[in-house]
Amino acid sequence: MLTLAKWIMGGPLQALAAAAILALVPGFGWASAAIVALVALRKSISDAVIPFAGAMLVAVLVHWSAGDITQVGTVLAALVASLVLASSRSLGWALLALGLSSALYIVLVLNLAPGMISNLVDLFQPTFDEFVAQLKAANPEAESVFEQMDVRHVVLEGMVWVTTAGATAALLVARWLQARLYNPGGFRQEFHSLRLMPAVAAALALLLYLGQSFPQARLILPCVAIPMLMAGLALVHGVLGMKQNNGPLLVFFYVGLILTSWVGMMVLVAAAVIDSFVDFRKRIQKRYE
């Protein structure tokens with residue numbers, strides 16, 4: 001990957017070709033957005049316009065026309081986040097800008113392309129009905145809960161999750177590649193020190209609560225949860241990074257996170273909020289001194 005990154009940064013035509021080709025590969029749309037973000041991080045927005053145009057052209061002509069409207073949002077959110085990171089040098093602000101961009105993109109799609117949303121809902125309706133029927137058969141006591149599930153909300157939430165997660169992956173990979181090429185170790189230090197400001201953490205926690213409590217606000221959940229989740233992961237990496245040979249501990253942590261799934265992610269989110277007020281890494285580092 002590092003060799004590919006060096007080739008991409010060799011000129012605008014290489015970046016354009018890589019962004020367009022990767023956008024065509026199923027499942028690698030986030031990698032196309034990562035190329036746009038990498039060029040924006042290292043050079044400038046004027047240099048990023050060329051790969052951005054290639055990525056967007058494929059996203060619109062291929063993915064959008066096929067019904068996948070998340071790729072356009074992924075590229076846009078990754079570009080905005082990379083520009084914020086380049087100007088502010090703050091990964092935290094970049095992740096917040098990314099979440100806000102994803103939310104605004106979905107709002108624009110809802111207002112400017114309602115027909116596309118309706119087509120997606122109609123496409124997923126038979127599969128959704130079959131899935132709900134299987135859930136009801138397996139859990140008849142929770143039938144009333146399943147009856148409240150709405151395919152439109154499921155489709156919209158899925159779009160936001162895919163868009164926000166893809167843009168986050170693109171931003172982090174782009175920053176990692178930039179560090180590997182031009183500043184070895186820089187991304188590790190930056191990620192390990194990622195911490196939300198207390199006011200920001202409190203505001204995000206409130207939005208997360210509102211999103212879980214009111215169905216109308218559920219669309220903001222990914223845009224809020226993913227920056228908080230990244231802060232929680234940074235806390236774990238930062239604490240474990242103080243120890244030598246922390247590889248097995250990180251493996252154990254991620255295995256536990258996968259096994260606990262949603263519960264584990266909520267614990268990370270809560271830890272990120274508490275850390276914004278307590279600063280665990282600073283306290284632990286003082287004990288080592």
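Rounded to the nearest 20, the Cβ-based charge dipole of the stretch 193-289 about its Cα centre (Lys and Arg +1, Asp and Glu -1) stands at 200 debye. Once C-alpha pairs closer than 8 Å and six or more residues apart are averaged by separation and normalised to the residue number of the chain, the relative contact order reads 18 percent.
Report, in cubic angstrom per residue, the convex hull volume of the C-alpha atoms of the stretch 193-289. Numbers along the way, then the final one.
Values: hull volume 8.6 nm³, N = 97.
Output value, Cα hull per residue: 89 Å³.
Phi-derived couplings, Karplus 6.51 cos²θ - 1.76 cosθ + 1.60 at θ = phi - 60°, listed residue by residue for the stretch 113-128: 9, x, x, 5, 5, 4, 5, 5, 4, 5, 5, 8, 4, x, 5, 5 Hz, with x used for Gly and Pro.
Magnitude of the charge dipole for the chain, about its Cα centre and with charges confined to Cβ atoms of Lys, Arg (+1) and Asp, Glu (-1), is about 1520 debye.
For the options Gly99, Gly238, Gly247, a Gaussian network treatment of the chain with springs between C-alpha atoms closer than 10 Å singles out Gly247 as fluctuating the most.
Report relative contact order for the stretch 150-266 in percent, whole number only (criteria: Cα-Cα under 8 Å, sequence separation at least 6).
On the way: 67 pairs, mean separation 30.1, N = 117.
RCO, the stretch 150-266: 26 percent.
Note on the stretch 1-143: semi-axes of the ellipsoid equivalent to its C-alpha gyration tensor, largest first and rounded to whole Å, are 34, 18, 15.
Using Cα pairs under 8 angstrom and six or more residues apart, how large is the relative contact order of the stretch 18-137, in percent? Before the final figure, lay out the partial values.
Details: 117 pairs, mean separation 25.0, N = 120.
Relative contact order for the stretch 18-137 comes out at 21 percent.
Scalar couplings 3J(HN,Hα) for the stretch 236-243, obtained by applying the Karplus form with A = 6.51, B = -1.76, C = 1.60 to θ = phi - 60°, are 5, 5, x, 5, 5, x, 6, 9 Hz; x denotes Gly and Pro.
What does the C-alpha gyration tensor say about the overall shape of the stretch 1-40? Classify as rounded when a/c is under 1.5, otherwise prolate if a/b is larger than b/c, or oblate. Before the final figure, lay out each step's value.
On the way: a/c = 1.67, a/b = 1.60, b/c = 1.04.
Judged from the Cα gyration tensor, the stretch 1-40 comes out prolate (a/c at least 1.5, a/b above b/c).
Among the trypsin sites (Lys or Arg not before Pro) in the stretch 215-289, those located in a DSSP loop and surrounded by at most 15 other Cβ atoms within 10 Å of their own Cβ are Lys243. Projecting the Cα atoms of Leu177, Ala231, Val263 onto the charge dipole of the stretch 161-289 (Cβ charges, centred on the Cα centre) puts Leu177 farthest toward the positive pole.
Throughout, read-outs are computed from the coordinates displayed, never taken from laboratory work. Given the structure is predicted, the values throughout are model-derived calculations rather than measurements. Don't worry about glycine lacking a Cβ; one is built from the backbone with ideal geometry, like all the others, and counts go over all protein chains shown.
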